[in-house]
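Chemist: Questions regarding the structure given below will be posed in turn.
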Amino acid sequence: MCHFNCHIIKGHGEEWLTKKPTTLGHEVAGVITKLGPAVTDYNVGNRVTVSLIGYPIQERTWSTCIGIGFDGGNAEYVVVPVSRLVRIPEGVSFEQAAVATDALATSYHAVMVEADAKPGMVLGVVGHGGLGLSGLAFGVINGAIVYGFDIVEAKFKEAQEIGARACFQSLEAAKDVTFDVIVDFAGTGYTTRTALQTVKEGGNVVVIGLGAENISVPVNDLVLHSKSLLGSVGSSVEDLRYVLQLLRDGRLKPSLIEFPFEETAETLASLERGGHRSAVVDEP
């Protein structure tokens, strides 16, 4: 279950929806019960999950995103394009696979593809919600030196348990650290602007958070110091497959909170209040 659904229910982000009305639910895993006549690569009974927005960006369309472009998984059955299916490896639960489609794969793409985190690189992760903590974990797994940032100090313990070298309440507090790249999972405007001012010359800032609709950036700093500002949304099928392999191998262990499907409305309200940092899963 994703905080994005809270935005949709409250009337924000409506431009994302290419089908209206739409059944929500874009983090989905289940069992194939019926096949279209042209499907040959899958069988009834296969355990599968559904990838979200695909890359390369030039070929992407919201109309092929489950729960946005067509009816999603908050239903008993859902019809899915075969091009979006990914097999769930043995040892990976439905709950883990569902969370992998967005909460994990979206973070993976931002940190590992757009930010191009490498061993030894100094990486800043701003925002310690579910996506941010996942992104922090991917940086650590890949050998980057990771620093965490969040205004809520109570979130530092979990980030450091994942592998953050240190945590701060603001980027200004880490002025002695030279950052190769900063990934902004908050996107409040202030965080993005400060990240651009903080990252090293020639460094990159990747924005994935949608905390502000419009922001102002220090253009002189961007141009004169050859810095890059990138946006990131969703992931590719290949990203999702790799995340599922990490889950299968036990290298990635997301914290999950499960709720019965009947409590969907209450759970979304709790997400809206910021009541959960762990991934939240609806059980049918």
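Chemist: Quick one, which of (1) 1.12; (2) 1.21; (3) 1.00 is the actual Cα Rg over 2.2 N^0.38 Å calculated for this model?
Modeler: (3)
Chemist: Under 21 Å between alpha carbons, and skipping anything fewer than 8 positions from Lys200 in its own chain: which lysines qualify?
Modeler: Once the sequence-local lysines are set aside, what remains near Lys200 is Lys118, Lys175, Lys227.
Chemist: Give me Leu224, Leu136, Leu131 ranked fewest to most by other Cβ atoms within 10 Å of their Cβ, as a rough exposure proxy.
Modeler: Ranking Leu224, Leu136, Leu131 by Cβ neighbours within 10 Å, fewest first, gives Leu224, Leu131, Leu136.
Chemist: For the stretch 41-47, what does the Karplus curve 6.51 cos²θ - 1.76 cosθ + 1.60, with θ = phi - 60°, yield as ³J(HN,Hα) per residue in whole Hz, taken in order and with x for Gly and Pro?
Modeler: So the J values, rounded to whole Hz, are 8, 10, 10, 4, x, 4, 8.
Chemist: Going Cα to Cα from Lys19, which lysines come in below 26 Å? Please leave out same-chain ones fewer than 8 positions away.
Modeler: Correct list for Lys19: Lys10, Lys34.
Chemist: Shifting gears a bit: Would you list Ile53, Ile145 from fewest to most Cβ contacts within 10 Å?
Modeler: Sorted ascending by nearby Cβ count, the order is Ile145, Ile53.
Chemist: Determine ³J(HN,Hα), in whole Hz, for all residues of the stretch 93-110 in sequence, where each value follows from phi through the Karplus function 6.51 cos²θ - 1.76 cosθ + 1.60 and θ = phi - 60°; x replaces Gly and Pro.
Modeler: Karplus-based 3J(HN,Hα) across the stretch 93-110 equals 6, 4, 4, 5, 5, 5, 5, 4, 4, 10, 4, 9, 5, 5, 5, 4, 4, 4 Hz.
Chemist: Just how far, in whole angstrom, is the stretch 29-60 from the stretch 142-170 if you go by their alpha carbon centroids?
Modeler: Each part's Cα centre sits 36 Å from the other's.
Chemist: Further question: Which order do Thr40, Thr178 fall in if you start with the one that has the fewest other Cβ atoms within 10 Å?
Modeler: Fewest-to-most ranking of Thr40, Thr178: Thr40, Thr178.
Chemist: Excluding Met112 itself, calculate the net charge of residues whose Cβ lies under 10 Å from the Cβ of Met112, where each Lys or Arg counts +1 and each Asp or Glu counts -1.
Modeler: -2
Chemist: Determine which residues of the stretch 125-142 fall in the zone a paramagnetic label at Gln169 would reach in this model, i.e. backbone nitrogen under 18 Å from the point 7 Å along Cα→Cβ.
Modeler: Zone members listed by number: 126-129.
Chemist: Amide H neighbours of Gly25 under 5 Å, at least 5 residues apart or on other chains, H built in the peptide plane: list them.
Modeler: Gly73, Asn74
Chemist: Same structure again: What number, rounded to the nearest 500 deg cm²/dmol, is the helix-based mean residue ellipticity at 222 nm of the chain, given -39500 (n - 2.57) per DSSP H run of at least four residues and division by all its residues?
Modeler: When only DSSP H runs of four or more count, the value is -7000 deg cm²/dmol.
No value in this document is a laboratory result; all are computed from the given coordinates. Since the model is a prediction, treat every value here as computed from it, not as a measurement. FYI the Cβ positions are ideal-geometry reconstructions off the backbone, even for glycines, and counts take in every protein chain you see.
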